[in-house]
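Have a look at the structure below, then the notes.
The values are calculated or read from the model by the stated rules, or taken from the named source; none is laboratory data. None of the values given here were measured: they were computed from a predicted structure. All Cβ positions, glycine included, derive from the backbone under ideal geometry; neighbour counts span all protein chains shown.
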Amino acid sequence: MPVFYPSRTAHIVGVQKLAFLAGSGIIAIKLVTPPHDKNVVLGSGQIIVHEIVFPCWELIWMYQRYYSPMELAGKDKLDKFKHEHPDARSQVAAWEAEIEEAAWQTPYDLKRQYPKADIPGKQQAIFDIRGNRYRLWVKITYKLGIVLVKAIGTHKEYEKWEIG
């Protein structure tokens, strides 16, 4: 079993420890199997320790994509629209909140949450607002977790947008 000498340690979740190896760009995670686990012989007082070592950027990428919500860019367009169209204010605000909690990795994840959304390209989506009275066009970079508001407007304005 490899030995590491952490410069700093912090508890992650109960039995896990995270160690940053000084100046190496490497992160080691120490997983300690609790005594109630079936792999441990009862009464022996033995604890099984697993150590996993990998580059820190791997952990950062995994955390950002699998545990972080989407970033919403272009809120200024949404704010302007909400000011100009008070009838859609609550629905746009609800949509914003849902997007900031979403963690889509593919267009299929988006379609699961919004079955009526149109997906004209792999990285674009069109949402209906207020029962198709308004349309919201976004560009999505799934790998980075960014939703960029391209345009929001009436259905008539939507017909003039060059989506593609």
For Lys139, are the conditions met, namely being without any contact (Cβ under 8 Å) to a residue 60 or more places away in the chain, of a type outside the set (Ser, Thr, Tyr) and touching a Lys or Arg at 6+ places or on another chain (Cβ under 6 Å)?
yes
Which one is surrounded by the most Cβ atoms within 10 Å (Cβ to Cβ) among residues in region 72-118 that are of a type in the set (Ser, Thr, Tyr) and touching a residue at least 12 places away in the same chain (Cβ under 8 Å)?
Tyr114
Is one or more of the residues making up region 106-114 charged (D, E, K, R) and in a strand (DSSP E or B)?
no
If you scan region 108-164, which residues turn out to be out of contact with any strand residue (DSSP E or B) (no Cβ under 7 Å at 6 or more places or on another chain), small (Gly, Ala, Ser) and in the same structural domain as Ala88 (by TED's automatic domain parsing)?
Gly121, Gly131
Matching residues in region 120-164 (among the aliphatic types (A, V, I, L, M), part of a strand (DSSP E or B) and farther than 19 Å from Asp87 by Cα) number 8
Inside region 97-152, the number of residues satisfying the requirement of being within 16 Å of Lys75 (Cα to Cα) and basic (Lys, Arg) is 3
Taking region 145-164 and keeping residues free of Cβ contacts under 8 Å to residues at least 40 places away in the same chain and touching an Asp or Glu at 6+ places or on another chain (Cβ under 8 Å) leaves none
